[in-house]
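The values are calculated or read from the model by the stated rules, or taken from the named source; none is laboratory data. Since the structure is predicted, the reported quantities are computational estimates derived from the model, not experimental observations. Reconstructed Cβ throughout: ideal geometry from the backbone, glycine too, with neighbour counts over all protein chains shown. With ligands, DNA and RNA removed, areas are computed over all heavy atoms of the protein, side chains included. Shrake-Rupley method; radii C 1.70, N 1.55, O 1.52, S 1.80 Å.
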Amino acid sequence: MQDTALAPPRARKTAQRRMRGARVVLLCLAMGACGRIGFDARDSGVAGTDADTLPGSCRLDFAPGVALRGFASAYSVAVGKLDVDDVLDLVVTNRGTNTVSVMLGQGDETFLMATEYGTGAAPRYVAVGDVNGDTVQDLVVVNDNSNDVDVLLGRGDGTFSPRTSQATDSRPVFVALARLDSDSALDVVTANFGSTTVSVLLGNGDGTLAPRVDYEVGATPAGVVIGNFDGDLSLDLAVANFGEASISLLRGNGDGTFGPQTQFPTDTNPLVIAADDLNGDDKQDLITPNFGSTTVSVLLGHGDGTFQPRVDFEVGAEPSGVAVEDLDGDRFMDFAVTSSFGDEVSVWLGSGDGSFSRAGVYPTGRRGFTVAAGDLSGDGIPDLVISNEIEGSVSILLGRCEP
């Protein structure tokens with residue numbers, strides 16, 4: 001099997017992420033990184049490229065990199081530093097074989113051969129984070145057909161222990177990690193596509209999870225992101241409701257429990273969701289690709305748990321994954337979105353006020369489903385990585401930044 005890659009989006013600056021409560025990438029995955037995959041929302045440390053390392057605002061373009069093949073329906077990919085070096089490594093979920101593939105990065109967009117680990121039935125998304133407090137990154141996987149979440153504890157050398165599992169509600173399809181209560185343990189949230197709930201599983205700090213508590217959201221929730229959306233320092237949940245064309249916001253109480261949902265409209269079939277400060281006001285905003293339309297919806301936050309009415313951007317048929325990142329080094333957040341029906345990814349540059357303009361469209365493999373951003377080549381410029389579900393492959397697009 002060949003290696004594959006996908007990186008979750010990074011925040012603008014680490015200090016600013018901590019001030020704002022950061023966000024899960026996220027990847028949204030998906031998603032990448034769609035959403036932010038595998039980060040602690042109070043002290044994020046997600047692997048990838050910090051915008052501080054970019055050479056300043058530039059003319060952005062992407063060049064085709066390696067195409068990595070041989071996966072059994074590469075549904076999602078996550079990135080993290082899984083061994084002792086300072087290089088990004090990759091994890092892919094293989095729905096066709098009920099495994100995840102781990103590939104250690106070489107820092108030049110290439111990876112060692114994959115090692116596979118067993119999961120539950122039909123793994124969808126994987127998150128990377130330190131679940132047992134040993135400073136080593138672990139894997140958390142949601143399994144669509146077995147209705148559970150797996151924890152694979154990392155050994156620090158890029159290998160992992162066999163999975164342990166905990167039940168969720170019906171058909172978990174997305175997972176996010178953060179510290180939701182007052183202890184130091186990472187907690188787990190899953191979006192359950194076969195129900196109207198998200199499941200919250202508080203971490204015990206030793207790699208095990210407490211039994212789930214379910215919270216009502218909208219119909220067929222497909223994605224969840226964790227952030228501080230109301231300014232009270234407690235982390236909240238924002239959920240993409242695929243079956244209701246809406247986002248549910250659940251305000252956190254700071255003890256791992258959440259209040260009732262408030263809904264905000266999106267376009268048709270929001271699939272994943274990401275959060276970041278898109279207009280420079282130090283408040284968390286939301287962005288979601290709408291699989292049943294040709295748009296992404298941007299909802300700018302007021303910082304009090306409410307949002308402005310959505311603004312939709314036309315991006316292409318069946319948008320399925322989104323990555324949020326400062327791609328061109330101007331310190332304004334940009335995004336890349338996959339159009340899975342069109343086998344393409346489009347790049348949109350932010351103006352700093354919550355508006356965006358399309359900068360380019362690039363081909364992917366067949367059914368490019370999720371996208372994320374991270375510096376895979378070690379040049380300080382974010383690259384794009386797309387998982388191509390039908391091909392069982394991953395496309396890498398290398399970022400080029402010219403002054």
Going through segment 207-220 one residue at a time, which ones are open to solvent by 60 Å² or more (accessible area, probe 1.4 Å) and over 26 Å from S184 (Cβ atoms)?
E216
Does segment 302-324 include one or more residues that are surrounded by fewer than 24 Cβ atoms within 10 Å (Cβ to Cβ), part of a loop (DSSP other than H, G, I, E, B) and of a type in the set (A, V, I, L, M)?
yes
Counting only residues that are acidic (D, E), give me the strands (runs of 3 or more DSSP E) lying completely in segment 188-227 with at least 2 of them.
213-216
The condition from (1) modelled with pLDDT under 95; (2) under 25 Å from V225 (Cβ atoms); (3) open to solvent by less than 10 Å² (accessible area, probe 1.4 Å) that G105 misses is numbered (2)
Would you point out the residue of segment 325-337, among those that are in a loop (DSSP other than H, G, I, E, B) and at pLDDT 90 or above, that is most open to solvent (accessible area, probe 1.4 Å)?
R331
At pLDDT 95 or above and within 21 Å of V239 (Cα to Cα) - does that describe any residue in segment 358-378?
no
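If we scan segment 164-171, do we find a residue that is part of a loop (DSSP other than H, G, I, E, B) and of a type in the set (A, V, I, L, M, F, W, C)? Break it down into steps so the answer makes sense when it comes.
If we filter segment 164-171 for residues that are part of a loop (DSSP other than H, G, I, E, B), which is where we start, we get 168-171.
Then drop every residue that is not of a type in the set (A, V, I, L, M, F, W, C), which leaves none.
Checked segment 164-171: no residue is part of a loop (DSSP other than H, G, I, E, B) and of a type in the set (A, V, I, L, M, F, W, C).
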Yes or no: S355 more than 21 Å from the chain's Cα centre (by Cα), open to solvent by 30 Å² or more (accessible area, probe 1.4 Å) and among the polar types (S, T, N, Q)?
yes
Residue within segment 338-352 that is open to solvent by 10 Å² or more (accessible area, probe 1.4 Å), farther than 27 Å from L237 by Cβ and in a strand (DSSP E or B) present:
yes
Quick one: R400 ticks every box in (1) in a loop (DSSP other than H, G, I, E, B); (2) of a type in the set (D, E, K, R); (3) at pLDDT below 95; (4) open to solvent by 20 Å² or more (accessible area, probe 1.4 Å) except a single one, so which number is it?
(1)
Going through segment 229-265 in order, the residues found to be of a type in the set (S, T, N, Q) and either open to solvent by 30 Å² or more (accessible area, probe 1.4 Å) or in contact with a Lys or Arg (Cβ under 9 Å, 6 or more places away or on another chain) (or both) are S234, N253, T257, Q261, T262, Q263
Members of segment 67-88 found to be surrounded by fewer than 24 Cβ atoms within 10 Å (Cβ to Cβ) and either modelled with pLDDT of 90 or more or not in a loop (DSSP other than H, G, I, E, B) (or both), listed by number
A67, D83, V84, D85
Selection over segment 78-107 where residues are touching a Gly at 6+ places or on another chain (Cβ under 7 Å), closer than 20 Å to G118 by Cβ and among the hydrophobic types (A, V, I, L, M, F, W, C) yields a count of 5
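Kindly indicate whether any position in segment 221-228 is surrounded by fewer than 22 Cβ atoms within 10 Å (Cβ to Cβ) and under 21 Å from the mean Cα position of the chain (by Cα). First the steps, then the outcome.
Filtering segment 221-228 for residues surrounded by fewer than 22 Cβ atoms within 10 Å (Cβ to Cβ) gives none.
No, segment 221-228 contains no residue that is surrounded by fewer than 22 Cβ atoms within 10 Å (Cβ to Cβ) and under 21 Å from the mean Cα position of the chain (by Cα).
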For segment 111-122, give me each residue that is modelled with pLDDT of 95 or more and either within 21 Å of the chain's Cα centre (by Cα) or open to solvent by less than 40 Å² (accessible area, probe 1.4 Å) (or both).
Y117, T119, G120, A121, A122
Quickly run through segment 383-398 and pick out the residues that are charged (D, E, K, R) and touching a strand residue (DSSP E or B) at 6+ places or on another chain (Cβ under 7 Å).
D383, E389
Among (1) farther than 30 Å from D328 by Cα; (2) in a loop (DSSP other than H, G, I, E, B), the one test that V149 misses:
(2)
